[in-house]
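*Asks:* Got a structure here, written out as structure tokens. Questions coming.
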Amino acid sequence: MPISPDLLEILVCPMGKSELELDGDRLICKRCGPVFAIKDGIPIMLIEEALLPPGCSSIQDLPCVKAGAAK
């Protein structure tokens with residue numbers, strides 16, 4: 001089940017509030033890179049369940065957290 005375009009327009013990364021890019025069955029933060037799965041058309045936006053980008057071993061390593069932009 002695809003994600004609704006209306007929902008995609010309002011979703012942002014839960015960490016830095018940046019825009020997300022749809023990539024198949026996942027959403028990727030355009031700024032800091034965590035990857036959020038979409039299951040049955042529902043995006044799983046919990047940062048604890050996201051795949052972290054290469055070079056980040058924890059949430060604290062995300063560029064938005066290091067820059068102080070994470071909310």
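The values are calculated or read from the model by the stated rules, or taken from the named source; none is laboratory data. These numbers come from a predicted model, not from an experiment. No Cβ is skipped: glycine too gets one built from the backbone with ideal geometry, and neighbour counts run over all protein chains shown. Heavy atoms of the whole protein, side chains included, go into the accessibility calculation; ligands, DNA and RNA do not. Shrake-Rupley method; radii C 1.70, N 1.55, O 1.52, S 1.80 Å.
*Asks:* Could you give the Stokes-Einstein D for the chain in µm² per second, using the C-alpha Kirkwood radius, 10 °C, 1.306 mPa s?
*Replies:* Once the numbers are plugged in, D ends up at 131 µm²/s.
*Asks:* Mean residue ellipticity at 222 nm from the helices of the chain, using -39,500 (n - 2.57) per DSSP H segment of n ≥ 4 over the full residue count, to the nearest 500 deg cm²/dmol?
*Replies:* -2500 deg cm²/dmol
*Asks:* Which listed residue (L27, G55, I42) has the Cα farthest towards the positive end of the charge dipole for the chain, taking +1 on Lys and Arg C-beta and -1 on Asp and Glu C-beta about the Cα centre?
*Replies:* G55
*Asks:* I would also like to ask the following. Counting only heavy atoms of protein chains, what accessible area per residue, in Å², does the chain have with a probe of 1.4 Å?
*Replies:* Computed with neighbouring chains in place, this is 63 Å² per residue.
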